[in-house]
Each structure stands twice: as C-alpha cells, then as structure tokens.
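Let me begin by presenting the structure, written as structure tokens, before commenting on it.
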Amino acid sequence: MRRIFGFMIGIVVGGLVGSTIALLLAPDSGESLRGELRERGLAFQAEIRNAADTRRIELRQRLDELRLPPEA
C-alpha cells in the first residue's frame with residue numbers, strides 16, 4: 001500500500017514540476033495558457049475522482065463478500 005501512495009505522490013509532484021516548466025517555457029500568452037492549464041487540471045481531477053469512485057465500489061463489494069458467512 002505504501003508503494004502505491006509513494007507512486008501517486010510521485011505522479012502528482014512530477015505533474016507539478018512539469019507544468020511549472022511548461023509555464024516557464026511556453027510560447028503562448030499567459031491568459032490562453034492559464035485557461036488550457038485550468039482545463040487540463042479539471043480533467044485530471046475528474047479522472048482521479050472517477051478512478052477513486054470505481055476503486056471504492058470494487059473495495060466495498062469485496063468487503064461485502066468477506067462479511068458474508070462462509071457457505072458449508
């Protein structure tokens with residue numbers, strides 16, 4: 001479990017570093033770049049929420065299965 005959280009933290013930090021470098025080196029105007037980054041950020045948030053919801057449903061189903069008494 002720790003490895004997964006470490007990996008996720010690495011992804012987030014890598015994304016932040018990459019977006020900062022992109023801001024510094026971008027040829028677009030600040031306003032259009034901010035709009036694009038905002039859209040990408042919102043899409044990323046939605047993707048993360050979707051993945052978390054899917055995983056939560058899977059884990060809840062598995063927990064319900066484990067709570068059932070064993071069949072003889």
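General remarks:
- Pairs where the first residue, in region 1-28, is closer than 15 Å to Gln45 by Cα and modelled with pLDDT under 80 and the second is exposed (fewer than 10 other Cβ atoms within 10 Å of the Cβ) and not basic (Lys, Arg), C-beta under 6 Å, 6+ apart: none
- Contact map, region 44-61: residues that are of a type in the set (A, V, I, L, M, F, W, C) paired with residues that are assigned to a helix (DSSP H, G or I) and surrounded by 10 or more Cβ atoms within 10 Å (Cβ to Cβ), Cβ distance under 9 Å, separation 6+ or inter-chain. Pairs shown: Phe44/Gly15.
The values are calculated or read from the model by the stated rules, or taken from the named source; none is laboratory data. Note that the coordinates shown come from a computational prediction; the quantities given were computed from them, not determined experimentally. For neighbour counting, all protein chains shown are included, and Cβ atoms are generated from backbone atoms with ideal geometry for every residue, glycine included.
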